[in-house]
Amino acid sequence: MGSSLDTLLTREVPAGDTARARALAAARAELARMPQARNWRTEALRVVAAPVLLTLLVTGVLLALDRTSVSVLLDRAPLLLLLWTTSAVCAWGALAPRGRGLQQGALGMALVGATALVFTRGPAHGVTTLPEWVCTASHVGVALLPGVVALAALRSAAFQPARALLAGVSVGTVGAFLGELACSLGPTHVLHYHLPAWAFAAVATLVASRFLPPRSFAP
């Protein structure tokens, strides 16, 4: 039975066999330069953590600036928890090696969450002097940082549209979370200005992932 690759690479070369010694040294040097494989669970946890930590930071800033209140947080808590859960399930489904069922469930959760954003929103209250598109722009803006984290994680495997799209859905929950705390306009506004921002974050992640060179071609 032939020797294994590990045995060949670690075996001492007989004295005087300079060609074999050079070939073995070159092989060892090339292996030393190869990047270490990253565990997909570690990557997934980073993608999960980025939106959660950012939304906590945004919440703290809004409370400090008196742009939201504890009562609003408590009132919207079930929907905010749904957005966090959707983000986590989508991120996990995007990076799990064999997660077809999980991916379908994550997409279903995202559709439920998007529907809930519209149908649980009450009538507009308060007065705003800003144009409505500011919501869309701000939602896309806060998604940039978790988007970078998601794109870095997606490079650890070969490009797959479904995975990239789910990662983008996870990223887009940050804007949706912000909209629940900082926006007092009604359901029509949410439909026309909040949901498009979430969709844009998902599609932008998909497109960017398609053109980024992967670190690995693992499935």
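Couple of notes before you dig in:
- Computed over the range 39-211, the alpha-carbon pair-distance distribution with 10 angstrom bins reads 11, 42, 33, 12, 2, each value a whole percent.
- Here the Kirkwood formula puts the hydrodynamic radius of the range 92-142 at 14.0 Å, using every distinct Cα pair.
- Taking every protein chain into account, the accessible area of the range 39-211 amounts to 49 square angstrom per residue (probe 1.4 Å).
- Carbon and sulfur %, accessible surface of the range 39-211 computed with the full protein complex present, 1.4 Å: 72 percent
- Hydrodynamic radius of the range 117-164 by the Kirkwood approach over all distinct alpha-carbon pairs: 14.1 Å.
The values are calculated or read from the model by the stated rules, or taken from the named source; none is laboratory data. Everything numeric in this text was worked out from a predicted model, so none of it was measured. When the accessible area is computed, the model is the full protein with side chains, heavy atoms only, and any ligands, DNA or RNA have been set aside. Shrake-Rupley method; radii C 1.70, N 1.55, O 1.52, S 1.80 Å.
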